[in-house]
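Engineer: I have a structure I would like to understand better, so I am pasting it below and will then ask my questions one at a time.
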Amino acid sequence: MSGAPAEVAVVGEYHPITEGKATILFPNTNEVFYNPVQQFNRDMSIAAIKTWGKEYLEQKQNKRKGGASDEAAPSGFSVLEALSATGLRSIRYAKEIESLDYVVANDIEADAVRSIRRNIAHNGLTEEKVRPSERDACALMYESRDPAKRFDVIDLDPYGSASPFLDGAVQAVADGGLLCITCTDLAILSGSSHPETCFAKYGGSPVRAEFCHEMALRLVLHALQTSAARYKRVITPLASFSIDFYIRMFVRVHTSPKDVKRTASKTSMVYHCTGCKSFTMQALGKVTTDGKNEKFGVSAGPAANGPCEHCGHTLHVGGPFWGAAIHDADFLSRMLAHVKESKELYVTQPRMVGMLSVASEELDTPFYYTMSSLAAAVQGNNPPIQALFSALLNLGYKVSGSHAARGSLKTNAPTSVVWDVMRTWIKSHPVVEKNIKPTAPAARLLAVEPSAQVDFTVHPKANPDSRKHKLVRYQENPEKYWGPKARAKRARKE
Ligand SMILES: C[S@@+](CC[C@H](N)C(=O)[O-])C[C@H]1O[C@@H](n2cnc3c(N)ncnc32)[C@H](O)[C@@H]1O
Ligand SMILES: [Zn+2]
């Protein structure tokens, strides 16, 4: 591979688009894919890679100093952008991430690779720093499975589903390396009209639930860990986001035959009520310890049996999905600190701070209720979120929102306590009883007297810092024709 920029003939009609420190020449004919709404994705990715990279390189240096490795400690890291289109993302990575050694900008389409070359030259970069590659991403990743050939970071930003690329990616990423994964097939991952397609692609089924966007993240993480486990590798999700019309995950991968044994206990099913929307987790494995040794066993079941214990309606089964943490608290706080002090680097910085703050406040417990679904179940009006949070906090439970849905409630309180809070709320905000059909969830829910002593007095922790500081917690749709863009036009052969 030559170090000099390629000779690129600029033909046809282009318009320049500047994003971050990169300017790309984008063909007016739309033969290569570009979606401006994904600037937030690219900004977040740069911040995440920088945050991960600092720790990764420090850990390598320390290992070397400690004599654990004979290799020279690297001063930078390599990146594979497996599905690169215009090369914009790779060029931004090369220009904006100081510790990046080189990035391979790969695409299967000849038109895309021509565009990548044109943009490398236009940005004054070398093909040593940004290495154009015209390969099938899967073939390239499988050829890079040898530890000596692995990439420190692999970025997957596909049309639709990342599922065909996950098995290659978990093998081709270095030990302690980072996977950055986008999926835009939310109709499959979070819709419930095609559970069979979701199961086929990701090995788990979604349910029709308020928490469907978090479920989408957990289904992809499950697919990833399932692949990783085959190669004695484990994933650590550093940060997982539901954004606009897609999801984006930053995940570290380690080789650890010991930790692979935890895969079943980190995998879960969910029983979700079609009536009142209550949910119950069913882990697929358990880990016990006698203080010295760990024992791995199967879980007791079923966690729920027959119709819903709260309202009598049918339960649907969702999963299996990743049941462990979707964020790493320490990583989120370091990424947030970096973004807060880097206003000049990211156009979407206010939204980044907002999303990272809300994610940092999230409880590490799967799924959430929403104010509107809780109110709908009892056929009442939405309670103010602060009243609901206060009631649960006053009872000694933890609460938080979720970055994935406005008006959401995550809590470690048992579902029966959540319903007691709603029952007590309804006592002072009565519902129109004649509108409640005898078979409705509300009929069964409100027939029970609350047993918890519910107190709605405002609790000091009921207003999270992200709301107090008026951060951009939830973004409105950013532009008129917003969504996953259509594929690039098929290459016209000259
Ligand atoms: C959504 S676009 C990538 C956008 C880009 N990452 C960005 O940030 O602007 C997906 C790209 O993947 C490419 N692609 C699809 N299947 C591929 C495969 N098997 N191997 C390599 N590239 C592929 C397509 O040609 C397309 O350019
Ligand atoms: Zn129910």
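A short reminder: the numbers here are calculations on the coordinates, not readings from a lab. All of these numbers come straight from a predicted model, not from anything done at the bench. As a convention, Cβ positions derive from the backbone with ideal geometry for all residues, glycine included, and neighbour counts pool all protein chains shown.
Engineer: The stretch 236-283: percent of C-alpha pairs farther apart than 15 Å?
Structural biologist: Values: 765 of 1128 pairs.
For the stretch 236-283, the fraction of Cα-Cα distances above 15 Å is 68 percent.
Engineer: Any chance you could tell me what percent of the C-alpha pair distances in the stretch 265-318 go past 19 Å? Walk me through the numbers before you get to the answer.
Structural biologist: Working: 548 of 1431 pairs.
Summing the P(r) tail past 19 Å for the stretch 265-318 gives 38 percent.
Engineer: In 10 Å bins starting at 0, how do the alpha-carbon pair distances of the stretch 366-468 split up by percent?
Structural biologist: For the stretch 366-468, the pair-distance distribution reads 15, 50, 29, 6, 0.
Engineer: Another one. Evaluate the relative contact order of the stretch 366-468 (contact order divided by residue number), counting alpha-carbon pairs under 8 angstrom at least 6 apart; express in whole percent. Let's see the in-between values first.
Structural biologist: Working: 140 pairs, mean separation 37.8, N = 103.
Taking the mean separation of contacting Cα pairs over the length of the stretch 366-468, I get 37 percent.
Engineer: Assuming a viscosity of 1.306 mPa s and a temperature of 10 °C, what translational diffusion coefficient in µm² per second does Stokes-Einstein assign to the stretch 244-386, Rh being the Kirkwood radius over Cα pairs?
Structural biologist: Working: Rh = 18.7 Å.
Translational diffusion coefficient: 85 µm²/s.
Engineer: Can you list which of the GluC sites (Glu not before Pro) found in the stretch 260-358 are DSSP loop residues with at most 12 other C-beta atoms within 10 Å? Intermediate results must be reported in sequence, preceding the final value.
Structural biologist: Details: sites: Glu294, Glu309, Glu341, Glu344; in loops: Glu309, Glu341, Glu344.
Passing both the DSSP loop test and the Cβ count: Glu341, Glu344.
Engineer: What is the mean projected area of the alpha carbon convex hull for the stretch 73-139, to one decimal in square nanometres?
Structural biologist: On the way: hull surface 17.4 nm².
Seen from a random direction, the Cα hull of the stretch 73-139 projects 4.4 nm² on average.
Engineer: Before rounding to the nearest 500, sum -39500 (n - 2.57) across all DSSP H runs of length at least 4 in the chain and divide by the residue total; then give [θ] at 222 nm in deg cm²/dmol. Don't skip to the end; give the middle numbers.
Structural biologist: Details: 16 runs with 167 residues, N = 494.
Calculated at 222 nm, the ellipticity per residue is -10000 deg cm²/dmol.
Engineer: Same structure, new question: At a Förster distance of 22 Å, what's the computed FRET efficiency of Lys258 paired with Val298, Cβ-Cβ distance as r, to 0.05?
Structural biologist: Using R0 = 22 Å, I get an efficiency of 0.70.
Engineer: To continue, here is another question. How many angstrom lie between the C-alpha centres of the stretch 154-197 and the stretch 367-444?
Structural biologist: 34
Engineer: Here is a further query. For the pair Asn382 and Lys54, how long in nm is the line joining their label points, each one 7 Å along Cα→Cβ?
Structural biologist: 3.7
Engineer: Find the relative contact order for the chain and round it to a whole percent, using C-alpha pairs within less than 8 Å whose residues are 6+ positions apart.
Structural biologist: Details: 990 pairs, mean separation 62.3, N = 494.
Relative contact order comes out at 13 percent.
Engineer: In whole angstrom, how long is each semi-axis of the equivalent ellipsoid of the stretch 91-240, when you take the square root of 5 times every eigenvalue of its Cα gyration tensor and sort them from largest down? Don't skip to the answer; put the middle values down first.
Structural biologist: On the way: eigenvalues 178, 64, 40 Å².
So the three semi-axes of the stretch 91-240 are 30, 18, 14 Å.
Engineer: Something else: Ala187 to Tyr142: extension gain in nm, 0.36 nm per residue of separation minus the Cα-Cα distance? Walk me through the intermediate numbers first.
Structural biologist: Working: separation 45, 0.36 × 45 = 16.20 nm, distance 2.90 nm.
Stretched fully, the Ala187-Tyr142 segment lengthens by 13.3 nm.
Engineer: Computed over the Cα atoms of the chain, what is the ratio Rg over Rh, Rh following Kirkwood? Walk me through the intermediate numbers first.
Structural biologist: Details: Rg = 24.4 Å, Rh = 24.4 Å.
When Rh is taken as the Kirkwood radius, the ratio is 1.00.
Engineer: In the stretch 323-411, if every C-alpha pair distance is counted and binned at 10 Å from zero, what percent goes to each bin?
Structural biologist: Final binned percentages: 16, 39, 29, 14, 2.
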